[in-house]
Ligand code: PGA
């Protein structure tokens, strides 16, 4: 089922597999239409199925990553890339090691630095030097975060060091052996980086995302619900399952 709400395209699918398939098709279409696309990529559990399908399409010769550049949204502060919980490790595991992307075209903010400000400004510059992101893939946190832009009293524009919310730490503890091991800080692209992307693709799966999706779409734009800023972007596609659409479907 497809809806159009205030210019935002919303696809409601009946399973996680169907979300993964649809989102992989959207990313593949971008790669096919513009072979040197700049992709903004997300981690988390939601896009794993999408990455698996993109790898399959690559293996079948349908898409080619040789001219693609990727910028990741975020990385935990002080986690080494070889740490299995780092987003660098995640991206390698699910995508980069399985397709023909060139290593020099992969950008992930480095959490291993004592010059946070320098890393952040350089990341912003690299994004701008590449002409901004063509297609930004996003998940959404239970608290409305996009990337690690946590609820706040203002929007942070550029790449920055973030103090993670208790809610985010709890939600991400499932990936770690204990909650104490979840880093308390991360480096994240800012809202300007995300909003300057030409297209946005947001994925969400499951009932635990239903409430925040309703808030994101129907409440006023506020830094307290970071994803609400997407109401102001002119090319947003949302791909979700029936459970995540529970509170919005009747309002579309
Ligand atoms: P999830 O994370 O895909 O693991 O639910 C989404 C997010 O926190 O952005």
Pull up the DSSP beta bridges for the chain and report the antiparallel fraction as a percent, rounded to 5. 35
Whole-number percent relative contact order across the chain, with pairs defined as alpha carbons under 8 Å at least 6 apart: 24
Express as a percent, rounded to the nearest 5, the fraction of DSSP beta bridges in region 1-82 (both residues included) that run antiparallel. 50
Per the 1/(1 + (r/R0)^6) rule, R0 = 35 Å and r from the Cβ atoms of residue 155 and residue 126, FRET efficiency to 0.05 is 0.95
At 222 nm, what value in deg cm²/dmol follows for the chain if DSSP H runs of at least 4 each add -39500 (n - 2.57) and the sum is divided by all its residues, to the nearest 500? -8500 deg cm²/dmol
If one builds a Gaussian network model of the chain from Cα atoms under 10 Å apart, the most fluctuating residue listed among 165, 114, 74 is 114
Taking a virtual spin label 7 Å from the Cα of residue 207 along the C-beta vector, which residues in region 9-25 bring their backbone nitrogen under 18 Å of it? 13-16
Where both partners of a DSSP beta bridge lie in region 26-176, what percent of those bridges are antiparallel, to the nearest 5? 10
Residue among 224, 193, 72 with the largest mean-square fluctuation in a Gaussian network model of the chain, springs linking Cα atoms under 10 Å: 224
Among 212, 26, 240, residue whose mean-square fluctuation peaks in a GNM of the chain (springs only between Cα atoms under 10 Å): 26
Please compute, over every Cα-Cα pair in the chain, the percentage with a separation greater than 35 angstrom. 7
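Any read-out appearing in this document is the output of simple, stated calculations on the displayed coordinates, not a laboratory observation. Quick caveat: nothing in here was measured; it's all calculated off a predicted structure. FYI the Cβ positions are ideal-geometry reconstructions off the backbone, even for glycines, and counts take in every protein chain you see.
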